[in-house]
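Right, I'll just put the structure down here and ask away after.
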Amino acid sequence: MMKKDIASRKDIEILVDEFYSKIRKDEQIGFIFSDIAKVNWEKHLPIMYSFFENMLFYTGSYTGNPMELHKHISRLFPLTDEHFRQWNHLFSATVDELFAGQTAELVKQRAKSISAVMQIKIS
């Protein structure tokens, strides 16, 4: 079956839900979300939908400061290159499983850039 590109908020919701379901089960980084950050998923997922929607389609639907949040988490539990690598790996793998096209490539590139900047600012 031919995969379609990411074209709407609904597509982003599918991607984000699938990605974070992988994160939660992941042995390497899942615990950071559940035990350290104690993520409230009902609250977090809609924020992530808006974050990625804004990243791709410039909707202005996201307001927030992800950098401060991640710095706070890193003070509780130092985030390493390995953690970021695993996050990126799971994210790209999820995009590739579900979608194909220009926007799918773009979201992978932007997620990598953002995580690289975060890594530099946190360490």
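The values are calculated or read from the model by the stated rules, or taken from the named source; none is laboratory data. Just so you know, these numbers come straight off a predicted model, no measurement behind them. Ideal geometry is used to build each Cβ from the backbone, glycine not excepted, and the neighbour counts take in all protein chains shown. Please note that ligands, DNA and RNA were not included when accessible areas were found on the heavy atoms of the full protein model with its side chains. Shrake-Rupley method; radii C 1.70, N 1.55, O 1.52, S 1.80 Å.
Could you work out the relative contact order of the chain? I mean the mean sequence separation of Cα pairs under 8 Å and 6+ apart, divided by the number of residues, in percent. Don't skip to the end; give the middle numbers.
Values: 93 pairs, mean separation 47.5, N = 123.
Result for the chain is 39 percent.
Another one. In nm, what is the difference between 0.36 nm times the number of residues separating Glu82 and Lys38 and their Cα-Cα distance? Intermediate results must be reported in sequence, preceding the final value.
Values: separation 44, 0.36 × 44 = 15.84 nm, distance 2.02 nm.
So the chain would gain 13.8 nm between Glu82 and Lys38.
Right, another one. Write out the GluC sites (Glu not before Pro) in segment 12-48 meeting two conditions: DSSP loop, and at most 13 other Cβ atoms within 10 Å of their Cβ.
Answer by residue number: Glu27.
To continue, here is another question. Where the only charges are on Cβ atoms (+1 Lys, Arg; -1 Asp, Glu), what is the dipole of segment 1-86 about its Cα centre, to the nearest 20 debye? Intermediate results must be reported in sequence, preceding the final value.
On the way: 12 positive and 13 negative charges, 16 e Å.
Dipole of segment 1-86, to the nearest 20 debye: 80 debye.
If the elastic network links every pair of Cα atoms under 10 Å, which of Leu45, Leu69, Leu15 fluctuates the most in the Gaussian network model of the chain?
Checking each option, the largest mean-square fluctuation is seen for Leu69.
Can you give the accessible area per residue of segment 48-123, in Å², using a 1.4 Å probe? Spell out each step's value before the answer.
Numbers: 4290 Å² over 76 residues.
I get 56 Å² per residue for segment 48-123.
With the Cα gyration tensor of the chain giving a ≥ b ≥ c as the square roots of its eigenvalues, does the rule (a/c under 1.5 for rounded; else a/b larger than b/c for prolate; else oblate) give rounded, prolate or oblate?
Working: a/c = 1.62, a/b = 1.48, b/c = 1.10.
Verdict is prolate for the chain.
Please report the carbon-and-sulfur percent of the accessible area for the chain; probe 1.4 Å, protein heavy atoms only, DNA, RNA and ligands left out.
On the way: 4190 of 7290 Å².
Percent of accessible area from carbon and sulfur atoms in the chain: 57.
What shape does segment 13-64 take by its C-alpha gyration tensor, where a ≥ b ≥ c are the square roots of the eigenvalues and a/c under 1.5 counts as rounded, a/b above b/c as prolate, and the rest as oblate? Could you put the intermediate results ahead of the total?
Working: a/c = 2.72, a/b = 1.87, b/c = 1.46.
In terms of gyration-tensor shape, prolate.
On to the next question. Using Cα positions and a limit of under 18 Å, work out the lysines in reach of Lys25, with same-chain residues fewer than 8 apart set aside.
Lys38
For segment 54-117, just say rounded, prolate or oblate: build the C-alpha gyration tensor, square-root its eigenvalues into a ≥ b ≥ c, call rounded for a/c under 1.5, and beyond that prolate if a/b exceeds b/c, oblate if not.
Details: a/c = 2.86, a/b = 1.34, b/c = 2.14.
The shape class here is oblate.
For the chain, what is the calculated [θ] at 222 nm in deg cm²/dmol (nearest 500), taking -39500 (n - 2.57) for each run of four or more DSSP H residues and dividing by its residue count?
Values: 5 runs with 84 residues, N = 123.
Dividing the helical sum by the residues of the chain leaves -23000 deg cm²/dmol.
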